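Here's the structure we're looking at; comments come further down.
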Amino acid sequence: MSLFNLAVLISGSGSNLQAVMDAIESGSIPNTVIAIVISNRTEAYGLERAGNCGIPNMVIKKDEPEKLLDTLKAYDIHGIVLAGYLSILPPEVINAYSGCIINIHPALLPLFGGKGFYGIKVHNAVLASGAPYSGATVHLVDCGIDTGAALIRGVVPVYDDDTAESLQKRVLEVEHLILVQAVKALAEGKIGELIKNPLTVVNDNDKHGVRDYAKELSELADVLLK
Ligand code: GRF
């Protein structure tokens with residue numbers, strides 16, 4: 001059986017990359033290989049994580065769109081995962097891999113998404129809004145910013161004593177879970193199913209009404225997608 005070749009694009013620590021590497025290693029994402037890890041920043045720790053696992057990795061800067069596309073073709077890439085990639089993909093890449101690019105965003109899209117909502121700014125905005133819940137969304141990538149169809153959302157509570165950092169940590173944990181699920185769906189050709197029926201997941205041990213909220217959100221998501 002031929003393998004599904006992934007490219008994972010990063011900009012920083014690469015903990016989401018690590019979650020995908022671990023899931024492939026443990027067999028949770030079968031018949032899949034990370035063929036290349038690409039960072040737009042030389043200092044991204046994720047490059048080291050890839051190197052430690054023997055995964056080819058390189059830096060391609062924002063102003064090298066042709067190099068990016070050529071590299072993806074050279075590695076015979078079937079699907080692209082944006083795992084903390086803080087740059088905009090060039091349209092030629094989006095068009096060439098339409099329907100096969102997913103991104104993880106640290107909020108419950110369509111809330112707290114779009115231009116300017118990245119990193120700790122997202123969590124600051126959630127806290128400032130007084131929202132009782134937050135989470136993460138894996139979505140398809142189109143030419144807009146965080147506008148592609150939502151595939152899987154992971155919901156977490158926001159606590160009264162949360163700081164942006166403590167919320168970020170809780171959200172990051174759920175990111176790892178839903179990204180692995182979404183990559184598996186991508187490799188199995190099941191993204192279409194998730195577009196029709198996006199999943200909403202919650203932490204099983206949570207007792208803060210997250211389940212009810214997730215259910216409501218799921219219904220809201222269905223409405224928003226139609
Ligand atoms: C994650 O919160 C991701 O959602 C955001 O950037 C962060 C990257 O974390 N876009 P890591 O590099 O995967 O640890």
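Each reported figure results from applying straightforward, stated rules to the coordinates on display, with no laboratory input. If you're wondering where the values come from, they're calculated on a predicted model, not measured in any experiment. Every residue, glycine among them, receives a Cβ derived from its backbone with ideal geometry; neighbour counts consider all protein chains shown.
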With the 8 Å Cα cutoff and a minimum separation of six or more residues, the chain has a relative contact order in percent of 18 percent
Taking Cα atoms only, helix 164-187 is inclined relative to the longest principal axis of the chain by an angle, in degrees rounded to 10, of 50 degrees
Whole Å is fine, so just give me how far the alpha carbon centre of the stretch 113-178 lies from that of the stretch 1-75.
23 Å
Proxy exposure order for Met21, Met58 (fewest C-beta within 10 Å first) is Met58, Met21
If you line up the long axis of helix 210-225 against the longest principal axis of the chain, both from Cα atoms, how many degrees apart are they, to the nearest 10?
60 degrees
For Asp161, Asp146, ascending order of other Cβ atoms within 10 Å (fewest first) is Asp161, Asp146
Against the longest alpha carbon principal axis of the chain, how many degrees, from 0 to 90 and to the nearest 10, is the axis of helix 120-129 turned?
20 degrees
May I ask you to sort Tyr85, Tyr97 by Cβ crowding, counting other Cβ atoms within 10 Å and putting the fewest first?
Tyr97, Tyr85
Among DSSP bridges having both ends in the chain, what percentage is antiparallel? Round to the nearest 5.
35 percent
